[in-house]
1. Report, by residue number, each residue of the stretch 77-111 that is within 15 Å of the ligand (Cβ to nearest atom), over 21 Å from Ala363 (Cβ atoms) and among the hydroxyl-bearing types (Ser, Thr, Tyr).
2. Would you please list the contacts, defined by Cβ atoms under 8 Å and residues six or more apart or on different chains, that run from a residue in the stretch 90-109 that is touching a residue at least 40 places away in the same chain (Cβ under 8 Å) and assigned to a helix (DSSP H, G or I) to a residue that is among the polar types (S, T, N, Q) and away from the ligand (no atom under 16 Å from the Cβ)?
3. Among the residues of the stretch 1-54, which ones are within 24 Å of Glu150 (Cα to Cα) and part of a loop (DSSP other than H, G, I, E, B)?
4. Would you be able to say whether some residue in the stretch 274-291 is within 15 Å of Phe213 (Cβ to Cβ) and not in a strand (DSSP E or B)?
5. Pairs please, first residue from the stretch 63-76 and within 16 Å of the ligand (Cβ to nearest atom), second anywhere and outside any strand (DSSP E or B) and among the β-branched types (Val, Ile, Thr), Cβ atoms under 8 Å, 6+ apart in sequence or on different chains.
6. Among the candidates Arg359, Arg345, Arg306, which residue alone is in contact with a strand residue (DSSP E or B) (Cβ under 8 Å, 6 or more places away or on another chain), basic (Lys, Arg) and over 27 Å from Leu12 (Cβ atoms)?
7. Exactly one of (1) buried (at least 20 other Cβ atoms within 10 Å of the Cβ); (2) small (Gly, Ala, Ser); (3) farther than 30 Å from Gly273 by Cα is unmet by Ala311. Its number?
8. Given the criteria within 14 Å of Ala397 (Cα to Cα) and within 16 Å of the ligand (Cβ to nearest atom), does Leu366 qualify?
Amino acid sequence: VKLDHGRLLADLRRLAEFGRLGTGVDRPCFSPQDRAAREWLLERMTAAGLDARIDGVGNVVGQMRTAPRAVLIGSHSDTVPKGGWLDGALGVVYGLEIARAWTEADRRPPVGVDVVSFADEEATFSGMLGSRSFCDGLLEGELETATDAEGWRLRDALAELGWGERPPARLDLARHLAYLEAHIEQGPRLEAEARRIGVVTGIVGIRRIRVRFRGRSDHAGTTPMQLRKDAGAALIEFCHDLPLRLERAGSADSVWNLGRIAIEPGVANVVPGFAEVLIEYRDLSTSVLDRIGAEIRAATVAADGRAGVTADATESLALPPAEMDPAIGELIERAARGRDAPAMRMPSGAGHDAMVLSRHLPAGMLFIPSIGGRSHDVAEDSHEADILLGADVLADAALSLAAREGGAVG
Ligand SMILES: [Zn+2]
């Protein structure tokens, strides 16, 4: 299996023309430019000899019918508004090129390559819509309740595209033996360590805790300081030593932020009667997430009742971490070594379709470096040599996976 580097780059650049915006791409899911990109992908997959279709939620899926089993390779082809040209597109075009080269190398492989471009990973309507539909089916009523920022209902969007009545494509565990997704890192770590390939160990879990402070609104001029129940002041005091507490509770890879702070009524001449902070934290380990959560609760208990202000903490989001398959990680690592590019193991701080897939079948992810760590912006880019290396490494890993599962290929 030998990839055609020129063809790979040409397809990546062609895909970037749909919704092109300067050096970047503006291709929100189900926009006219996203539709055109999906129809183009369908053509390319068909030309590659795959049995391809666009399903009822906009997933473009191509199957190598000559093979009874397949490694599924892909990512998403929608972007955030004013996004970059590689986020998602890279993994889809890798899949396309690997499937093409696979077919050229051997016309009757026991294990083939299926390719997928999932819909709406970036949550224009509903995050990871395509991969969730593919694996689990959608949530009850989701087609009715999910809308884009303009209030366009998901069901109406799909009907207008003419896809709404189509059956959804589904993961087939009798056929799909693993899922591989390549992606740009979207952060600065590979570049900082001078590594060209990242092996993703897992995708971090995300939790949010809302801490509320209730005091009493009073006249800001006439109420003596010692008689105030200032919820705003209590919040500031709480937030002041929180970073140190969380640093002690977390791991070296933990991240957190105080993403939203509100003080009510939020005017200068009223003592704040209510305040709240929304804390988000992420880590790969459930026990570390538990520790951070416990620390936030302990800090809340310590703050409760101080200066007449009550404090309570409630969890508002808990997305579990997703582990990538360690054996597939090793195959990617070995493939990278085979190309003289020692890989770096790392967690993904961003969500990816692989986190949905990994709950159903063995999944592996490969990262290539993002120049300057930039992503979700038109400045997003990667070095051409890294783009090509990543494709070769993924193809090698897919081959050894296929050989392990179904005998030699190509
Ligand atoms: Zn992405």
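1. First pass over the stretch 77-111, keeping only residues within 15 Å of the ligand (Cβ to nearest atom): 77-95.
The next check asks that each one be over 21 Å from Ala363 (Cβ atoms); those that pass are 79-85.
Residue satisfying the conditions is Thr79 alone.
2. Thr103/Thr66
3. Within the stretch 1-54, Phe18, Gly19, Asp26, Arg27, Pro28, Cys29, Phe30, Ser31 meet the criteria.
4. no
5. Ile73/Ile98; Gly74/Val92; Ser75/Val92; His76/Val92
6. The unique qualifying residue is Arg359.
7. That leaves (3) as the condition not met.
8. The answer is yes for Leu366.
The values are calculated or read from the model by the stated rules, or taken from the named source; none is laboratory data. Remember, it's a predicted structure, so these values are computed and weren't measured experimentally. Ideal geometry is used to build each Cβ from the backbone, glycine not excepted, and the neighbour counts take in all protein chains shown.
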